Amino acid sequence: MYHFFIEPQQVQGQQILITGPDVVHMRNVLRMKAGEEVSVSDGRGRTYVCKVERVESEQVALYIQETEEISTEPGVSVTLYQGLPKGDKMELIVQKGVELGVARIVPVVTRRTIVKLDEKKAAARVSRWNGIARSAAEQSGRWMVPEVAAVCSFAQAVEEAGELDQVVIPYELAQDMAKTREILGSVRKGQSVGIFIGPEGGFDEAEVEQVIRRGGRPITLGRRILRTETAGMAVLAMLTFLLE
């Protein structure tokens, strides 16, 4: 069953009106017809099982058959502070991060970041990443669309993360797996968690120390060196296992 997102005000009694880019996708790509079933989430914990009533040029009308309030969210609000990687790796990070339950992704410029983005390019990239987040949320059955925030400096990311309940930073010099189990095992539902992931080449020592001074805790992800597009996913998978 295909899954889409709406704003709460699009629900009108027993009917939902889909507008915007989703109409083109439903009509021209999925070639949906009257009578087909879809699920729709309002981003606030409510999901509707609907039947397509009619497909028009600028809107698709759905009839609500069933309302559900079963959350597919992980129970913790995870922000991934991702050092900007080269190429299109960020697209994969956004897609898989959303599938694994991240609530927010913050692209971060660090000392070892190779990519240089001016304001216009950064805004265009963030817009594209948010589109990927929406598609991944629909595909994976999330009931909310995680945000990809504007690109920020490392200092800004550390300052923001200082407001979270727990912050971890995978670091190649951290070796105590038992301590890592203890740290991740201490995360409780309802908490806010920050994960710092470096770009290619990782963080330099001063950056790691900066995170630790603000209350972040270094963890190890095992004996192997993981790529930047893998490390965050590993932490998210560990949290999923522990919390779900």
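The values are calculated or read from the model by the stated rules, or taken from the named source; none is laboratory data. Here the structure is a predicted model, which means the values were calculated and not measured. Reconstructed Cβ throughout: ideal geometry from the backbone, glycine too, with neighbour counts over all protein chains shown. Heads up: the accessible areas ignore ligands, DNA and RNA and are worked out on the full protein's heavy atoms, side chains in. Shrake-Rupley method; radii C 1.70, N 1.55, O 1.52, S 1.80 Å.
Net charge near R188: determine it from the other residues with C-beta under 14 Å of the C-beta of R188, scoring Lys and Arg +1 and Asp and Glu -1. Neighbour charge sum, excluding R188 itself: -2. When shorter helices are ignored and each DSSP H run of at least 4 residues is given -39500 (n - 2.57), the per-residue value for the chain at 222 nm works out to -10000 deg cm²/dmol.
Among beta bridges identified by DSSP and lying wholly in the chain, the antiparallel ones come to about 45 percent. Entry note, the chain: relative contact order of 21 percent, from Cα contacts under 8 Å with a spacing of 6+ residues.
Fully extending the segment from S186 to R44 would add 48.4 nm, taking 0.36 nm per residue of separation and subtracting the current Cα-Cα distance. With contacts taken as Cα pairs under 8 Å at a separation of at least 6 residues, region 1-95 carries a relative contact order of 26 percent. Each of the peptides 3-10, 29-36, 106-113, 235-242 was scored by the mean count of other Cβ atoms within 10 Å over its residues; in descending order, highest first, they stand as 106-113, 235-242, 3-10, 29-36.
The residues neighbouring M144, those whose beta-carbon lies less than 10 Å from its own, together hold a net charge of -1 under the Lys/Arg +1, Asp/Glu -1 convention.
With K and R counted +1 and D and E -1, the other residues having a Cβ less than 10 Å from that of Q65 yield a net charge of -1. Annotation: peptides 115-124, 87-96, 14-23, ranked by per-residue average of other Cβ atoms within 10 Å with the highest first, follow the order 87-96, 14-23, 115-124.
Translational diffusion coefficient of region 101-244 (Stokes-Einstein, Kirkwood radius from Cα pairs, 20 °C, 1.002 mPa s): 133 µm²/s.
Based on protein heavy atoms only, the chain ends up with 52 Å² per residue of surface accessible to a 1.4 Å probe. Only protein atoms count toward the accessible area here, which uses a 1.4 Å probe; on the chain, the carbon and sulfur part of that area reaches 49 percent.
Three semi-axes describe the equivalent ellipsoid of the chain; taken as square roots of 5 times the Cα gyration tensor eigenvalues and ordered largest first, they are 37, 20, 14 Å. Sum up the lysine pairs in the chain that clear both bars: alpha-carbon distance under 24 Å and a spacing of 8 or more or different chains. Here the count comes out as 12.
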